[in-house]
Amino acid sequence: MAQTTRESSKPGRNRASRAAWLFPALLALNLSSCGIYSTSPGSLPGHIKTLAVPAFENKTTQVGLDEEITQAVISRFVDDNHLKIVAESDANAVLTGSVINYQNTVFGFTGREQAQEYRVQIAVSVRLMDKVKNRELWRDDNMVKTQNYYVVSVPGQQPQDEVSGRQEAIRKIADEILSRTIENW
């Protein structure tokens with residue numbers, strides 16, 4: 001009977017010893033792969049020091065939206081100071097984009113079924129080209145950012161309008177473009 005108990009405990013012991021070395025091995029493998037997807041600034045190719053941002057194309061009916069987004073993107077890069085903004089002829093990289101969709105829709109109603117909350121949604125198509133090596137660094141054909149805003153007073157928030165919702169969505173687009181560019185996703 002003792003023999004049977006010993007026999008049945010052997011497989012459990014083998015499994016436990018396998019798990020004891022397998023866990024550290026998997027952990028080491030997982031940790032070593034983290035470096036592949038680095039998000040630290042500076043992972044942009046070292047030869048890229050300058051960037052051109054030509055005016056975005058506007059494929060919506062919202063007049064001036066292309067100018068607002070272009071200016072927000074340029075300002076974000078200037079504030080960040082990783083890359084110098086220059087004319088396209090002097091740039092190591094060029095960031096081009098198009099505004100492809102704009103929506104301002106009701107998102108929430110009061111108890112009386114009156115609109116109280118709206119959502120601005122802006123979609124852009126963006127591409128970053130390395131002019132030195134003539135290759136695409138990243139591209140997003142449908143980058144979508146949204147911002148909700150209330151048109152009535154709610155606790156902790158003053159009423160806003162479409163312009164403020166649009167400005168916040170544009171800020172999110174500029175932040176995302178900067179992040180993807182300097183982190184080279």
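Some notes on this structure:
- Flag for PHE56 being of a type in the set (Phe, Trp, Tyr) and modelled with pLDDT of 95 or more: yes
- Taken over the range 57-77, the residue count meeting the criterion of being more than 18 Å from the chain's Cα centre (by Cα) and surrounded by 12 or more Cβ atoms within 10 Å (Cβ to Cβ) is 10.
- Entirely in the range 73-177, the strands (runs of 3 or more DSSP E) that have 2 or more residues that are under 27 Å from SER43 (Cβ atoms) and free of Cβ contacts under 8 Å to residues at least 24 places away in the same chain: 135-150
- Selected residue [under 27 Å from ASP80 (Cα atoms) and in contact with a helix residue (DSSP H, G or I) (Cβ under 7 Å, 6 or more places away or on another chain)] from VAL132, VAL120: VAL120
- Odd one out for ILE170, checked against (1) at pLDDT below 90; (2) buried (at least 18 other Cβ atoms within 10 Å of the Cβ); (3) not acidic (Asp, Glu): (1)
- Residue satisfying all of: in the range 95-145; buried (at least 16 other Cβ atoms within 10 Å of the Cβ) and of a type in the set (Ser, Thr, Tyr); modelled with the lowest pLDDT among these: TYR118
The values are calculated or read from the model by the stated rules, or taken from the named source; none is laboratory data. Note that the structure is predicted; figures quoted are calculated from it, not measured. Positions of Cβ are generated from backbone atoms using ideal geometry, with glycine treated the same way; all protein chains shown enter the neighbour counts.
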